[in-house]
Amino acid sequence: WAEGLDPKTGRPIFKEGGRPGDPSAMEGGKGEVVVAQPAFLGGKNWMPMAYSQDTGLFYVPSNEWSMDIWNEPVSYKKGAAFLGAGFTIKPANDDYIGVLRAMDPKTGKEKNTQSIRRKNKGQFTRN
């Protein structure tokens, strides 16, 4: 939905065709479907990252989800996910969901990546 941030304002630079359309202007009362990644679940959200003094790297567990999202009239349901829009969550990759990345904190560059077939729900500890 955005191609970056405006360095002066910090606001998103909207990408053409990257936002769901106005449902009132669409046939069937549903806006155009767009793909958003990461999904609202977050790419790096709940799982804690770790720092190793031995390697000097951060180890960042994450999940790679995407979602189809569209504008449509929706009602709030207690206990259900509510975005004010319709959505479908799906894995961003065919062969894995979870990822463990080794990141250099000095450069921000990724040094290594390990994909994990299932979703990454835990933390990584050192023995």
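Some observations on this one:
- Spin-label pair K106/W1, simplified geometry with 7 Å Cα→Cβ offset, distance in nm: 3.8
- Estimated distance in nm for a label pair at F58 and A36, the labels positioned 7 Å out from Cα along Cα-to-Cβ: 2.4
- Residues in the range 77-86 carry Karplus couplings, in order, of 10, 3, x, 9, 4, 9, 10, x, 7, x Hz; the curve used is 6.51 cos²θ - 1.76 cosθ + 1.60 with θ = phi - 60°, and Gly or Pro positions show x.
- Length added when fully stretched, D94-K77, from 0.36 nm per residue minus Cα-Cα: 3.0 nm
- Solvent-accessible area per residue for the chain (1.4 angstrom probe, square angstrom): 74
- Test item: Cα-centred dipole of the range 1-76, Lys/Arg +1 and Asp/Glu -1 on Cβ, debye: 260
- Ranked packing of 2-9, 53-60, most packed first, by mean Cβ within 10 Å: 53-60, 2-9
- Fraction in percent of alpha-carbon pairs per bin - 10 Å, the chain: 12, 29, 32, 20, 7, 1
The values are calculated or read from the model by the stated rules, or taken from the named source; none is laboratory data. All values reported here derive from a predicted model rather than from experimental measurement. As a convention, Cβ positions derive from the backbone with ideal geometry for all residues, glycine included, and neighbour counts pool all protein chains shown. Accessible surface areas use protein heavy atoms only, side chains included; no ligands, DNA or RNA. Shrake-Rupley method; radii C 1.70, N 1.55, O 1.52, S 1.80 Å.
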